[in-house]
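Below is one structure, written out as structure tokens; the observations come after it.
The values are calculated or read from the model by the stated rules, or taken from the named source; none is laboratory data. In this text, all values refer to a predicted model and were calculated from it rather than measured experimentally. Every residue, glycine among them, receives a Cβ derived from its backbone with ideal geometry; neighbour counts consider all protein chains shown. These area figures cover heavy atoms from the full protein model, side chains too; ligands, DNA and RNA do not enter into them. Shrake-Rupley method; radii C 1.70, N 1.55, O 1.52, S 1.80 Å.
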Amino acid sequence: MASVIPPPPQPSLPVLGTDAVFPVHRIYCVGRNYAAHAREMGSDPALEPPVFFTKPADAIVPVSGPEPAAIPYPPATENLHHEIELVVALGEGGRDIEADRANALIYGYAVGLDMTRRDLQNAAKAVGGPWDMAKAFDSSAPCSVITPAVAIGHPAAGVVRLSVNGTVRQQGDLADLIWSVPLVIAHLSRLVTLAPGDLIFTGTPEGVGPVVRGDRLDGEVAGVGALAITLV
Ligand code: MN
């Protein structure tokens, strides 16, 4: 069928070991999923259900290759923060998924940055307002290539690390996720019907902080991959 405007491009991510790409449908993100980060954000990590928010699919910026990708410093903030995260890429969807079969939905994993305009988030929190303009802005989700689960399995432990200009700022371990990946999928699938192409940013360990134009960020999740960006 003809479109009255040009159809928007389909956001996608490269996949390790193939020229085929992973088409991105939706981006779900988990807030406060490491206890130490929850505490540094002023929350009590105990007994809270997982907090979800979203980004538009075209917030994704594919980051591959040895050279750092140039990411634009966004407008309307003076306090842009890095959040390094394990990203889950769903190959299948469904609703009311039991945690013990959640891994079967997963196509693969990647390393992502949940870039955050912290000043706008703090202002939103102060008035109980939505986080969208703090989290869901253009180019707010740089993401590495996807590594298929058939190649690496389903990592439940491993270092999650982010360096800025060569200095380690964030370091955690997947084993310290409050809500494991299967539990995140179980919870989320009770709120929405998950679909192939959905990405889930699983939360960030402690050590978030500001970055400025010219900074180089290097992120990695052990056993999954790495990414490098420069803010311009
Ligand atoms: Mn995050």
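Among the residues of the stretch 103-139, the one identified as β-branched (V, I, T) and surrounded by fewer than 18 Cβ atoms within 10 Å (Cβ to Cβ) is V127.
Taken as a whole, the structure leaves P49 outside the set of residues that are under 18 Å from the mean Cα position of the chain (by Cα) and in contact (Cβ under 8 Å) with a residue 24 or more places away in the chain. Going by the conditions given, is K135 within 18 Å of F52 (Cα to Cα), in contact (Cβ under 8 Å) with a residue 12 or more places away in the chain and either basic (K, R) or within 16 Å of the ligand (Cβ to nearest atom) (or both)? For K135, the condition - within 18 Å of F52 (Cα to Cα), in contact (Cβ under 8 Å) with a residue 12 or more places away in the chain and either basic (K, R) or within 16 Å of the ligand (Cβ to nearest atom) (or both) - is met. Within the stretch 88-98, the set of residues being assigned to a loop (DSSP other than H, G, I, E, B) and open to solvent by less than 20 Å² (accessible area, probe 1.4 Å) comprises just one member, I97. Would you mention how many residues in the stretch 101-131 are away from the ligand (no atom under 16 Å from the Cβ), among the charged types (D, E, K, R) and in contact with a helix residue (DSSP H, G or I) (Cβ under 7 Å, 6 or more places away or on another chain)? Summing the residues that are away from the ligand (no atom under 16 Å from the Cβ), among the charged types (D, E, K, R) and in contact with a helix residue (DSSP H, G or I) (Cβ under 7 Å, 6 or more places away or on another chain) in the stretch 101-131 gives 0.
Considering each residue of the stretch 69-87, count those that are more than 11 Å from the ligand (Cβ to nearest atom) and either part of a strand (DSSP E or B) or out of contact with any Leu (no Cβ under 9 Å at 6 or more places or on another chain) (or both), and give that number. Looking only at that region, the number is 6. If the condition is being crowded, with 16+ Cβ neighbours inside 10 Å and part of a loop (DSSP other than H, G, I, E, B), then the stretch 17-32 contributes V24, H25, R26, R32.
Results for (1) surrounded by 17 or more Cβ atoms within 10 Å (Cβ to Cβ); (2) touching a residue at least 12 places away in the same chain (Cβ under 8 Å), shown as yes or no for each residue.
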| position | (1), (2) |
| --- | --- |
| T147 | yes, yes |
| H154 | no, yes |
| L162 | yes, yes |
| T167 | no, no |
| Q171 | no, yes |
| S189 | yes, yes |
| D198 | yes, yes |
| G214 | no, yes |
| L217 | yes, yes |
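Listed conditions (1) open to solvent by less than 10 Å² (accessible area, probe 1.4 Å); (2) modelled with pLDDT under 95; (3) touching a Lys or Arg at 6+ places or on another chain (Cβ under 8 Å) are all met by M41, apart from (1).
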